[in-house]
Amino acid sequence: MKQPTAALCAILATLPLSALAQASPQTRSTDGAPPNASFASARVPNAAPQGAHTETPTANAETQIASAPPIADSGTRSTLRPISAATAATHDRRSQAIALGTPFERAQKAAQSGDFETAARLFDEARDSDETESDRLRAEIELAHALLALGLFDAATRRYDFVIRAGPNHPAYTEAIAGLLEVNALTGEDVLVGAILDREYGDAFARLTPAELDRVNTIVGVMSLRAGRLDEARAFFDSVSPTAVDGRRVDYLAGVLAARTGSPEVALALFERAIAPADASPTLPPDAPSAAFATSAARLARARAQTHSQRLDRPELSTSELGDLARLAKARTLYALGRFSEAVLAYEQIPRFSRFWEAALLENGWARLQNEDDGGALGTLQALHAPQFAASFQPESWILKAIVYFTHCLHQEARAALRSFEAIYGPQRESLGAILAVPRTPEFWLDALERDGALPAPIRRDLLTNQRFARLRATLERVGDERKRLRSIDSWKGSRLLTEELDACARSEEIARRVAADFMEKRLRDALARLDGFDAQKEIIELEIARVETEEMEARFDREEKLGGQSLHRPRVDGEREVHWPFQGEFWLDEIGHYRFTLKDACRVDGR
């Protein structure tokens, strides 16, 4: 971790830890260290990313790495006004305009009546009109609230950011932070919001409510994790109360972090907590009081914003899906520890046909093979090769199938699995190679996703089911829709507000398009690299088969004689829960996932 500067050290030294301790009385620390102390000393604002950590397998959408783009700045304020110590004082300069009211007064009346289009335009005018300093500053945050009420979440994010950039002396500083949290809650957007919070995090955040501070620490912890600042991410996750609204998600993320940094037992305990039913840990009410929405107009703005958010595509994990993801992470950790029998049981806890079942089937095949249950390994692969999974991108499954047969010297069956791999994924590999051989624009990548046949169907499906990519696409779609809605507001035509917001929204849309396209291209290159790697493994297995067959010929080994002296026994079943039913070529939904094989062994007694 980079060392903080002298100025930063001074900030850290004066951080009111007592306030943070009161905000988060319960911690996730597992090593007994004072969490708030480690949290304070670990925080290095604006530390450069140290490189994204990658792991195999990568089916966890929560841990996909994406760089945060720069915040689009509409240039609404070319310079920040100094905030005097007397900001809170009120100077009445309205006597001459009392009959009609100042823009700020009229904006307040419009907001209170629910006319947020008029309120937003007037609050924008009030920022530069002949108002008191306190009213001008108040107009900045009220403009953000009005944009939030209109469902213009990208514009609201920028306006909240403008207030935050003015610094902690701005009277609405913490109110703007709470407003960003509302944007995050309503849209699921965590890249821009996360970048702002990560940039600004400091001692002034101690003024937030405990619930708000928990949410901020969660978001900044995720940003630190994505940037590879692992010690910092751990400190933020440890500072989140176990009773927080996102408590189970933080348990999962902290478990992933512990597994990455060599603490598997800690990781297993955290995954167990994330698996626990939702009612096992109390949560704070979602409408907990916030300084950002204390007035009647602000509460009305929040209610309007919630109505708009209901129309958004929110690719978030459900409570049950989060539990399944934690089960998958638990199984992977057990596998990494070499506890293969426990890993098999953990994989089998993931419900059939749930979001993560495909990944569990493949990985359970490896766990069963390591647990010397070759027939069970082939059974899980039989499920993956059912017609119901025909659109899945599972090249590794055919390599694993060939390996299982090869370990029993069943070379004919192993070659058949390798031929299936080549027939299914050879054309996909060629198609991807041709597409990626030429530099492409962001527009090309996103258009290719929508055009039938532009991408191999399994790879396209793999992209569309990636949660991180789904979030990026949802952000791009939302920002594009907001730009269209801005043009439809007749009362803003010709106003400075409309001009600024259209320009800023266009920049935000371009950033969102570039980030989504970059992520898509990276995933496609990863897919091609995987196909290249599995193709190389295919060639190695073919060479090994040829070597063994040559040795058998030299030793005059009679393979058919050995196979003929063996009989296939019935697979063992659980008599209380299962019945034996021979597979006759038809795939029934209630059978998929319950297949088992018995195998003969054609290997020489004296080895290969």
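Some observations on this one:
- Across segment 327-341, not a single residue is classified as in contact (Cβ under 8 Å) with a residue 60 or more places away in the chain, open to solvent by 70 Å² or more (accessible area, probe 1.4 Å) and among the charged types (D, E, K, R).
- For the criterion of being farther than 15 Å from residue 529 by Cβ, basic (Lys, Arg) and touching a residue at least 60 places away in the same chain (Cβ under 8 Å), residue 415 passes.
Rundown of residues vs (1) within 22 Å of residue 330 (Cβ to Cβ); (2) surrounded by fewer than 19 Cβ atoms within 10 Å (Cβ to Cβ), yes/no style:
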{"site": "372", "(1), (2)": "yes, yes"}
{"site": "379", "(1), (2)": "yes, no"}
{"site": "383", "(1), (2)": "yes, no"}
{"site": "404", "(1), (2)": "no, no"}
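- Boolean, residue 336 is in contact with a helix residue (DSSP H, G or I) (Cβ under 7 Å, 6 or more places away or on another chain) and modelled with pLDDT of 95 or more: yes
- Residue 388 being over 18 Å from residue 336 (Cα atoms) and either buried (at least 21 other Cβ atoms within 10 Å of the Cβ) or under 23 Å from the mean Cα position of the chain (by Cα) (or both): no
- Checking residue 529 against (1) assigned to a helix (DSSP H, G or I); (2) modelled with pLDDT under 95; (3) open to solvent by 30 Å² or more (accessible area, probe 1.4 Å), the condition it does not meet: (2)
- Here residue 541 passes the criteria (1) modelled with pLDDT under 95; (2) open to solvent by less than 50 Å² (accessible area, probe 1.4 Å) except the one numbered (1).
Quick grid of which residues meet (1) in a helix (DSSP H, G or I); (2) free of Cβ contacts under 8 Å to residues at least 40 places away in the same chain; (3) in contact with a Ser or Thr (Cβ under 9 Å, 6 or more places away or on another chain); (4) not aliphatic (A, V, I, L, M):
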position	(1), (2), (3), (4)
460	yes, yes, no, yes
476	yes, no, no, no
485	yes, no, no, yes
507	yes, no, yes, yes
513	yes, no, no, yes
520	yes, no, no, no
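- Filter result for residue 447 (assigned to a helix (DSSP H, G or I), over 28 Å from residue 545 (Cα atoms) and not hydroxyl-bearing (Ser, Thr, Tyr)): yes
- If the condition is being more than 21 Å from the chain's Cα centre (by Cα) and surrounded by 21 or more Cβ atoms within 10 Å (Cβ to Cβ), then segment 457-484 contributes only 482.
- Scanning segment 123-156 for residues that are within 25 Å of residue 481 (Cα to Cα), open to solvent by 10 Å² or more (accessible area, probe 1.4 Å) and not charged (D, E, K, R) yields one hit, 150.
The values are calculated or read from the model by the stated rules, or taken from the named source; none is laboratory data. Worth saying up front: this structure is predicted, and the values here are computed from it rather than measured. Counting neighbours? That spans all protein chains shown, and the Cβs are built from the backbone with ideal geometry, glycine included. We work out accessible area using only protein heavy atoms, side chains counted, and drop any ligands, DNA or RNA first. Shrake-Rupley method; radii C 1.70, N 1.55, O 1.52, S 1.80 Å.
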